[in-house]
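Everything on this sheet refers to the single structure shown next.
The values are calculated or read from the model by the stated rules, or taken from the named source; none is laboratory data. Keep in mind that what you see is a predicted model, and the values were worked out from it rather than measured. For neighbour counting, all protein chains shown are included, and Cβ atoms are generated from backbone atoms with ideal geometry for every residue, glycine included.
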Amino acid sequence: MKVTEHIEKANGKTLFSFEIVPPQKGSNINDLYANIDPLMEFNPPFIDVTTSREEYVYIEKDGLFDRKITRMRPGTVGICASLQYKYNVDAIPHILCGGFTKEETEYMLIDCQYLGIDNLVALRGDPMKGEKYFTPTKGGNNYAIDLVKQIKNMNNGNFLHGNAEIKNKPDFCVGVAGYPEKHIEAPSLDADLKRLKEKVDAGADYVVTQMFFDNQRYFKFVQAARNIGITVPIIPGIKPVAVKRHLQILPQVFWLDMPTELILDIEKAKDNKEVRQIGIDFAIQQSKELLEYGVPCLHYYSMGKSDNIKAIAKGIF
Ligand code: FAD
């Protein structure tokens, strides 16, 4: 079922969902299940699974280094299929422009349709590790909007190399990213919002936001989006702080501000166990306010360990 249908069916009730990052290659899917199991009592209608960019590795031979490309994590589409069949939820693969040609993307989308995956999140992807700027992949999509268009073309039966004679056209529901504090590369929040509007006009069905800690930023973002005619659901993304280092990492990587009280509380904490609890308490308060505002879904970023997301969900749902 589509995310937009889940939201409609909920009839104003706020849904619970979360995002997982596939573990590094070499691990077993049972570890992932063990992480997800504790969250299933809160009935998430959908779970997002991230995709990581390819990485360079340097292989030494006779004193010379050969640069090769590798992937560090198992494939997202396969993980989504296994989650759908194990938990009977909708699992949503994040599909990236970076690292994939349009043909590779098309094959991935064909796999998604075959496996009964109804939803996709279309993203540009970040620059590769060690690179400062995003470089589009040769033969790939440049921006998320191009990927949205490719998916919507497929929904209309228009494949890359002519119209395929297929019995059932895909009918993917497409989510895109939104940034309440603007995307790091955007010249302004307004300019970024216009880009978001373009993605929605190209057919995106809903928006999921980057994490934020100040709800006012989200409220203003939603209002500004509505003012320029973006009418699709805007799902807030919430990340509980878990370690002291997040004070530096999160603003640097995700281009966000953290509220002073939260910073002071984390700085005062004697260890990361205390920080984890501060993160939980803060996320509960943040979620309660978003719930009151009437958000369609509270979407949590779970970076591997789910105990904190479970504690937050217990405090809310
Ligand atoms: P775009 O919408 O393409 O925007 C990128 C930048 O280009 C923005 O600054 C925008 O303003 C600008 N722009 C857009 N269109 C144009 C245009 N036509 N001309 C000029 N400028 C333009 N990354 C991963 O690698 N894997 C994931 O699984 C993943 N999941 C994510 C989930 C969510 C909910 C979010 C919010 C982000 C996620 N990301 C993920 C990170 C994302 O890939 C990065 O933030 C990336 O830098 C931008 O992706 P985008 O889809 O927003 O790009």
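Please name all residue pairs, on different chains or six or more residues apart, with Cβ atoms under 8 Å, provided the first residue is in region 142-156 and is among the polar types (S, T, N, Q) and the second residue is more than 15 Å from the ligand (Cβ to nearest atom) and outside any helix (DSSP H, G or I).
Listed pairs, sorted by first residue: Gln150/Leu160; Asn153/Phe159; Asn155/Lys169; Asn155/Pro170; Asn155/Asp171; Asn155/Phe172; Asn156/Lys169.
Quick one: in region 13-49, which of the residues that are at pLDDT 95 or above and of a type in the set (D, E, K, R) is surrounded by the most Cβ atoms within 10 Å (Cβ to Cβ)?
Asp48
Considering only residues of region 128-148 that are closer than 15 Å to Glu198 by Cα and in contact with a strand residue (DSSP E or B) (Cβ under 7 Å, 6 or more places away or on another chain), which is nearest to the ligand (Cβ to nearest atom)? First the steps, then the outcome.
Kept after step one, since they are closer than 15 Å to Glu198 by Cα, are these residues of region 128-148: 142-148.
The next check asks that each one be in contact with a strand residue (DSSP E or B) (Cβ under 7 Å, 6 or more places away or on another chain); those that pass are 144, 147-148.
Details: Ala144: 3, Leu147: 8, Val148: 9 Å.
Per the criteria, the residue is Ala144.
One residue is enough: does region 280-302 have a residue meeting the conditions at pLDDT below 95 and surrounded by 15 or more Cβ atoms within 10 Å (Cβ to Cβ)?
Taking region 280-302 first, the residues at pLDDT below 95 are 302.
Then keep just the ones that are surrounded by 15 or more Cβ atoms within 10 Å (Cβ to Cβ); that gives 302.
Looking through region 280-302, at least one residue is at pLDDT below 95 and surrounded by 15 or more Cβ atoms within 10 Å (Cβ to Cβ).
Among the residues of region 169-204, write down those that are among the acidic types (Asp, Glu), within 8 Å of the ligand (Cβ to nearest atom) and surrounded by 16 or more Cβ atoms within 10 Å (Cβ to Cβ). Step through it out loud before you land on a result.
Here is the first cut: in region 169-204, the ones among the acidic types (Asp, Glu) are 171, 181, 185, 190, 192, 198, 201.
Remaining after also requiring within 8 Å of the ligand (Cβ to nearest atom): 185, 192, 198.
Across region 169-204, the qualifying residue is only Asp192.
Which residue pairs have Cβ atoms closer than 8 Å, lie 6 or more positions apart in sequence or on different chains, and pair a first residue in region 31-44 that is on the phi < 0 side of the Ramachandran plot with a second residue that is modelled with pLDDT under 95 and exposed (fewer than 14 other Cβ atoms within 10 Å of the Cβ)?
From region 31-44, the pairs are Asn35/Gly304; Asn35/Lys305.
Being part of a helix (DSSP H, G or I) and in contact with a Ser or Thr (Cβ under 8 Å, 6 or more places away or on another chain) is the filter here; which residues of region 142-173 pass it?
Within region 142-173, Leu147, Gln150 meet the criteria.
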